[in-house]
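Written out below as structure tokens is the structure these notes cover.
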Amino acid sequence: MRRATVQEIIVDGAAAKGFSINIVKRIAAIGARYAGLIVFAALMGFPFVWVLAVGMSKDPSGIWVFPRAFLPHDPSVYWFKRVIGVMPFFTYLRNSVAMSGMTVAATLMLAIPAGFAFAQLEFVGRKWLFGLLIATLMVPSEVGIVPNFLTCAHLGLLDTYAGAVLPNIASAFGVFLMKQHFEQLPSEVLDAARVDGAGEWRLLWHIAIPMSLPAVATLTIFTLVTAWNDYLWPAVVMNTRLKLPISVGVFNDLTGPFATSTSLIMAALVLAIVPVMVCFAATQRFFLRGVADSRA
Amino acid sequence: MAKPGVGRHTGYLFIAPFLIPFAVFSLWPLLYNMWLSLHDYFVTEHVAVWNGFANYVTLAESDSFPYALRNSLLFLLVVPVIQVVALGLALLVQRPLVGIGLFRAIYYVPVVIAISVAGVVWRHVFEYDGMFSWLLITLHIIPEGVDWIGLDKLSLYAAMLFSTWKNVGYYMVLYLAGLQTVPKALLDAAELDGAGAWMRFRHVTLPALQPIVLLCTLLTTIGALKAFQEILVLTHRTQNTVTMLMWMYSVAFGGGNGFGLAAAVAVLVMVLCFAIAAVQFRVFGARGIWGKGT
């Protein structure tokens, strides 16, 4: 190695000085970012911390004494056992699973072919129909509860799972999402298969869907969460208590017969939140990547 | 441009299975509301009788509906708040940092919790000796606990705070996706030219985000106009908290033959949503305020 000249050493020294100032600045900036992140995380997350702490506290005397209440008092599963004893929680859970399972399956079966047709096939009225789909997305679905209630009444679907599920699978959102994705498929591949004599249905099953699994996964998970959390429509259309999903059944019980015991309420809330959190933890990358970007 | 070997009617076969439930449960309600809003509907007899514009007249003369309209318009206050907080959060979690994934997930959690379940949580957070009062007392903002839900004048704002908390994570993700599209070269060039962080944000990031701002503003505006479940699960539904759709729900399912009146409200909300969508496309769209440059 050759020896450094005096000039080079001076330049290096100046650079090193600038470097150390930069490091201090960058550490300060990172510290500020973490501070901001933690403050917001506390604001967003503390309600859940408290719910969990109260649900786990056998002794309810300290649950309103902050900040002590953020940690459980005399931790036990006492209140969770009470909830399962007095509330048909597992029936609600089973209903939630059944209803959201049906919604997801039906949405996939309907939205995927429709999205493919809007993206890849030519037919008279395609643009016009798609415009109609988009228009319904601009209007909140709550606007439709009265007509949908009457429709279900006429069809004899009140208080049935079919009545609770049907309006949810009629949403244009899934078709929109799948169309956006199927438009990006390379047309050379599709056209080559067409020239080779493959029908559109085979094209969809053997080329389009295998090339779009992340988009299908995104649609599945978004539909699942929306269906699982749907409160208003099942509350309107169902009235047998043992047919209710968690979102309605737990809410009705906690604001009705069990409203007096805060500990019981919090334990029930924990039970209602845990399945969602487990599912979210496993699939969060699909949410955090966003609907807009279902490619990767 | 025809596709090789594709039948002319194949497209219809692909969309038909979707189109049937869509027509019955998404499209029909919009048309049926318009028809129903001009009728009196008698539930037990299943008959509708034409009544001209009586339902709309009833709305205009109602003592309580103007409050519902006012409350719904007040709820629009969450639109700018959500934009600022969501964009702020997106900027905060944009660049990689140890544990950043965990923070993103925490901010998103309220979105995946059922609104009814979250509503019960926040009923307790808003108690006079609850967490929210404690926080503000600790920060010396208020001297003693406040019953945020029980106090009629405050509960609408409590519902807005709840709505912001519930939804901001969703918009954070949309803004995060938008931030990926900001050209890095432009940001670097601006920095070389001596632009500070704020100038870079104002003149590079924000104009590049324009389509996302449009999308998010549109979605939050519709979200605010349809504010209803927040009110239903959180508040006591008094005159000062009932929003348009909450009012609609009450007249439809609260006894009495209110379906026609409810449909009139639904039509009003629908028209409002379309109008706002049109205005926002004009203001924020490519020909709008940011498109021309400054």
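The values are calculated or read from the model by the stated rules, or taken from the named source; none is laboratory data. Everything numeric here is computed off the predicted structure, so don't read it as measured data. When we count neighbours, we look across all protein chains shown, and the Cβ atoms used for this are built from the backbone with ideal geometry, even at glycine. Ligands, DNA and RNA are stripped out before the accessible areas are found, and what is left, the full protein with its side chains, is counted by its heavy atoms. Shrake-Rupley method; radii C 1.70, N 1.55, O 1.52, S 1.80 Å.
So what is the accessible area of the protein assembly as shown per residue, in Å², with the probe set to 1.4 Å? It would help to have the intermediate numbers written out before the result.
On the way: 27660 Å² over 590 residues.
For the protein assembly as shown, the per-residue accessible area is 47 Å².
Counting Lys +1, Arg +1, Asp -1, Glu -1, what net charge surrounds A:L166 among other residues with beta carbon under 14 Å of its beta carbon?
Overall, the nearby charge balance is -2.
Once A and B are treated as a pair rather than alone, how much accessible area drops out, both sides summed, in Å² to 100, probe 1.4 Å? Show your work: numbers first, answer last.
Working: alone 18050 and 17670 Å², together 27660 Å².
Between A and B, the summed buried area is about 8100 Å².
Which of the chymotrypsin sites (Phe, Trp or Tyr not before Pro) found in region B:108-196 are in a DSSP loop and have at most 15 neighbouring Cβ atoms, other than their own, within 10 Å?
B:Y128
Explain nothing, just the number: relative contact order of chain B, from Cα pairs under 8 Å at least 6 residues apart, as a whole percent.
Averaging sequence separation for qualifying contacts and normalising by length gives 28 percent for chain B.
Separation of region A:147-191 and region A:94-114 by C-alpha centroid, Å?
Distance between centres, Cα-based: 9 Å.
With each label point set 7 Å from Cα along the Cα-Cβ vector, what nm distance links A:I134 and B:M34?
Placing both labels 7 Å beyond Cα along the Cβ direction yields 2.0 nm.
Tell me, what is the FRET efficiency for A:D74 and A:I27 to the nearest 0.05, using R0 = 35 angstrom and their Cβ-Cβ distance as r?
Using R0 = 35 Å, I get an efficiency of 0.25.
Suppose R0 equals 56 Å; then what is the FRET efficiency for B:H140 and B:N51 from their Cβ-Cβ distance, rounded to the nearest 0.05?
So the FRET efficiency works out to roughly 0.45.
Scanning chain A for GluC sites (Glu not before Pro) in DSSP loops with at most 16 other Cβ atoms within 10 Å, what's the longest stretch left with none?
With a cap of 16 other Cβ atoms within 10 Å, the longest stretch comes to A:1-121.
Over 22 Å between Cα atoms: which of A:K243/B:K166; A:K179/B:K166; A:K127/A:K179; B:K166/B:K226 fall into that group?
In this structure, A:K243/B:K166; A:K179/B:K166 lie more than 22 Å apart at Cα.
Can you give the net charge of the other residues whose Cβ lies under 15 Å from the Cβ of A:T136, counting K and R as +1 and D and E as -1?
Neighbour charge sum, excluding A:T136 itself: +1.
Please report the spacing between the Cα centers of region B:232-261 and region B:154-220 in Å, no decimals.
35 Å
Relative contact order for chain A: what is it in percent, counting Cα pairs under 8 Å that are at least 6 residues apart? Can you show the working numbers first?
Numbers: 256 pairs, mean separation 77.0, N = 296.
Relative contact order of chain A: 26 percent.
What residues of region B:261-275 lose no less than 50 Å² of accessible area with every protein chain in place versus their chain by itself (probe 1.4 Å, heavy atoms only)?
B:F274
Per residue of B:118-127, count partner chain C-beta atoms within 10 Å of its C-beta, then hand back the mean as an integer.
The shielding value for this peptide is 5.
Rounded to the nearest Å, what's the spacing between the alpha carbon centres of region A:223-296 and region B:67-88? Just the number, please.
Cα centres, region A:223-296 to region B:67-88: 25 Å.
For B:F274 and A:M109, FRET efficiency with R0 = 41 Å and r from the beta-carbon atoms, rounded to 0.05?
Values: r = 31 Å, r/R0 = 0.74.
Step by step, r from the Cβ atoms, then E = 0.85.
Pop out a list of residues from region B:215-239 that are at least 50 Å² less accessible with all the protein chains around than in their chain alone; 1.4 Å probe, no ligands or nucleic acids counted.
B:K226, B:Q229
Ignoring ligands, DNA and RNA, please state the percent of accessible area on the protein assembly as shown from carbon and sulfur, probe 1.4 Å.
For the protein assembly as shown, the apolar C and S fraction of the accessible surface comes to 68 percent.
Using 20 Å as the cut-off for backbone N distance, which residues of region A:227-243 belong to the label zone defined by a point 7 Å from the Cα of A:D159 along Cα→Cβ?
A:232-243
When a/c reaches 1.5 or more, the comparison of a/b and b/c decides; with that in mind, is region B:21-284 rounded, prolate or oblate per its Cα gyration tensor?
On the way: a/c = 2.49, a/b = 1.53, b/c = 1.63.
Because a/c hits 1.5 or more and a/b fails to exceed b/c, region B:21-284 counts as oblate.
Using the basic label-point model (7 angstrom from Cα toward the beta carbon), what is the A:V195 to B:I20 distance in nanometres?
Label-label distance for A:V195 and B:I20, simple model: 3.8 nm.
Hey, rough spin-label estimate for B:L74 and A:M211, points 7 angstrom out along Cα→Cβ, what's it come to in nanometres?
For the pair B:L74/A:M211, the computed spacing is 5.4 nm.
If I take every Cα pair under 8 Å that is 6 or more residues apart in region A:50-190, average their sequence separation and divide by the length, what percent do I get for the relative contact order?
Rounded, it is 26 percent for region A:50-190.
Suppose every Lys and Arg Cβ carries +1 and every Asp and Glu Cβ carries -1, with no other charges. What dipole size does chain B come out with about its Cα centre, to the nearest 20 debye?
1180 debye
Using a 1.4 angstrom probe on protein heavy atoms only, which residues from region B:23-69 are buried by at least 50 Å² of accessible area when all chains are present rather than their own chain alone?
In region B:23-69, residues shielded by partner chains: B:F25.
For the protein assembly as shown, what is the charge dipole size about the Cα centre, in debye to the nearest 20, if Lys and Arg each add +1 at the Cβ and Asp and Glu each add -1 at the Cβ?
The calculation lands at about 1460 debye.
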